[in-house]
Amino acid sequence: MSLIRNFEPFDLLTFSKTVETPCYIYSEKRIRENIRNLKAAASPFFSDFRLQYAIKANSNPHILKIIAEEEIGADCSSPVEMKLAKRVGFDMKKSTYTGNFETSSDFKVALDTGCVLNLDDHRRLKDVLAFGTPEVLSVRINPGVGRGSHAGVVTGGKDGKFGIPHEETGTAYKACVDAGIKRLGIHMMTGSNNLDDSYFAEITELLFDIIKKHISPLNIPLEFINIGGGLGVPYKKGENELNIKSLFSSVSDVFKKRLPELNIGTPKLAMEPGRYVVADAGILLTKIHHIKKSYKNFVGVDGGMTTMVRPAMYQSYHPVTQLESKSGEAGEYWICGQICENTDVYPEARKLVNPQVGDVLAIENSGAYGHVMSSNYNHRPRPAEYLLKEDMSILKIRDADNEADLFLKYPDFKW
Ligand code: LLP
């Protein structure tokens, strides 16, 4: 079923005729529902579940404010994301900084903003200590496995550049204790967009094996066990929704079975999903500007790879819906953007009924890793963003770039 249902009863077609395309629109109601569904699924199994939203998935400050109002934490991946999280009202005690190849000044921002530091490599501890001893800290472990919907979104395993090899876990935690850090957690994030709920229990079991081998002998209590984000959403027909109830139930079984033998106290479960919170709450509206019959039939739209890079980058499939109601036979068309790259094409020929210049297409499931990954390549402006509020009113939450915006940073050159 089309994800346009998440916007009902709002009239997306009429709206699309009043604004410039391309543009993103997000449903406040759906974002809140996604968070509440996660909390509700976890609560029978984990009374003190720590949910953190991975800001990278969609960091529009207006969206972040909504998410912060749901009283969850944030996972930040840069100094600006930490400052932003604090500014929009996230509780920084429940928020983490998970960097990669961090600069020393990143660590300072983490300490200054009160973010829990999730260290990518314990060898950086000395750079952290130069700014003070963190109250609480976790280390990102690469458990040696990873899974995701595309090789480009797998973050664990032998090719992963994130975290430390699990064999070094003992050394890392001994270094933390020796440095006088009193409160510790542990973290892993092995890949993105996983639809198989049993995967999360599998990797938790694996992390517990690592803890048993390397941390239990050290007699260190852990405050939290963060198993990352990676909760998938179905993009394609035939893909099933992630069963979050079963996810929490099976992860909780692992906690119950394994914790008594681990000698690490009673850590809480933490997770940091990005995609699950915002993906199906966002739609990209894009207009057809030309239809070309070449060796294939191409429908050219204004929302190509500079607006939404996922198809070009990971060959990601996004469902497309024609907003105008049409009658007649469907033909096969390749939807493509205007950028000078032949990867600027939405994967797979789509069945469109009598598409016309001026028609608007809804590119669905675009709320995560959409606008945040947009660019100005070919000097295309990044698009506007709109919020459909719970009362069905519309708020513009980002202007599209104008031409002059594209030249703001060049000395001695004004547009
Ligand atoms: N935590 C950490 C440390 C991460 O690196 C990520 C995502 C997340 C949490 C959130 O993962 P999620 O729940 O959204 O799967 N641009 C790609 C996704 C890259 C994910 C990178 N890390 C895409 O468009 O599919």
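Readers should treat all values here as calculations from the given coordinates under stated rules, not as data from a laboratory. Quantities reported herein were computed from a predicted structural model and do not represent experimental measurements. Cβ: placed from backbone, ideal geometry, glycine included. Neighbour counts: every protein chain shown.
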Practice prompt. Would you list the P(r) distribution for segment 51-172, with all Cα-Cα distances sorted into 10 Å bins from 0 and each bin expressed as a whole %?
Written response: 14, 41, 34, 11, 0
Worksheet item: Length gain on complete extension for the stretch Asp412 to His379, per 0.36 nm per residue less the alpha carbon to alpha carbon distance?
Response: 10.0 nm
Discussion item. For a quick check: sort Tyr410, Tyr346, Tyr295 by the number of other beta carbons within 10 angstrom, fewest at the front.
Written reply: Tyr295, Tyr410, Tyr346
Discussion item. At a 10 angstrom cut-off on C-beta neighbours, averaged per residue, how do the peptides 4-12, 236-244 rank from highest to lowest?
Written reply: 4-12, 236-244
Worksheet, complete the sentence: Here the relative contact order (percent) of segment 274-415, from C-alpha pairs under 8 Å and at least 6 apart, is 27
Worksheet, complete the sentence: Quick note on Trp334, Trp415, ordering by fewest other C-beta atoms within 10 Å, gives Trp415, Trp334
Item to complete: Quick one: check the C-alpha center-to-center distance for segment 1-39 versus segment 212-237, whole angstrom.
Response: 32
Worksheet entry | Farthest toward positive dipole pole in the chain [+1 Lys/Arg, -1 Asp/Glu at C-beta], among Pro217, Ser77, Asn194 | Pro217
Worksheet item: By how many nm would the segment from Asp209 to Gln315 lengthen if fully extended, with 0.36 nm per residue of separation less the alpha-carbon distance?
Response: 34.7 nm
Fill in: Per residue, the convex hull volume that the Cα atoms of segment 164-233 enclose (Å³)
85
Worksheet entry | Charged-residue dipole, Cβ positions (Lys, Arg, Asp, Glu), segment 95-271 about Cα centre, Debye nearest 20 | 160
Discussion item. Based on alpha-carbon atoms only, what is the radius of gyration of the chain relative to the globular estimate 2.2 N^0.38 Å?
Written reply: 1.04
Worksheet item: Which FRET efficiency value, to the nearest 0.05, is calculated for Cys340 and Leu259 with the Förster distance at 45 angstrom and r the Cβ-Cβ distance?
Response: 0.20
Fill in: Distance (nanometres) between label positions extended 7 Å along Cα→Cβ at Asp127 and Glu167
2.4
Discussion item. Checking the table Lys213/Lys256; Lys182/Lys213; Lys39/Lys174; Lys17/Lys396 against a 23 Å threshold on Cα-Cα, which pairs fail?
Written reply: Lys39/Lys174
Fill in: Neighbourhood charge, 11 Å Cβ-Cβ cut-off, centred on Thr169 and excluding it, Lys, Arg +1 and Asp, Glu -1
+1
Worksheet entry | Residue order, fewest to most surrounding Cβ atoms within 10 angstrom, among Leu395, Leu269, Leu406, Leu285 | Leu395, Leu406, Leu269, Leu285
Worksheet item: Using alpha-carbon pairs under 8 Å, 6+ residues apart, how would you state the relative contact order of the chain in percent?
Response: 19
Worksheet item: Sorted from largest down, what three extents in whole angstroms do the Cα atoms of segment 95-271 have along their principal axes?
Response: 52, 36, 28
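Given Cβ point charges of +1 (Lys, Arg) and -1 (Asp, Glu) and nothing else, what value in debye, to the nearest 20, does the dipole of segment 256-340 about its Cα centre take?
It comes to approximately 280 debye.
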Worksheet item: Over all Cα pairs of segment 267-415, how is the pair count split among 10 Å bins, expressed in % and running from 0 up to the last occupied bin?
Response: 10, 36, 32, 16, 5, 1, 0
Discussion item. For a test of the definition: using alpha carbon positions, the gyration tensor, and the 1.5 limit on a/c, classify segment 52-96 as rounded, prolate or oblate.
Written reply: rounded
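Treating the beta-carbon of each Lys and Arg as +1 and of each Asp and Glu as -1, no other charges, what is the dipole magnitude of the chain about its Cα centre, to the nearest 20 debye? Before the final figure, lay out the partial values.
Numbers: 51 positive and 52 negative charges, 58 e Å.
Approximately 280 debye in magnitude.
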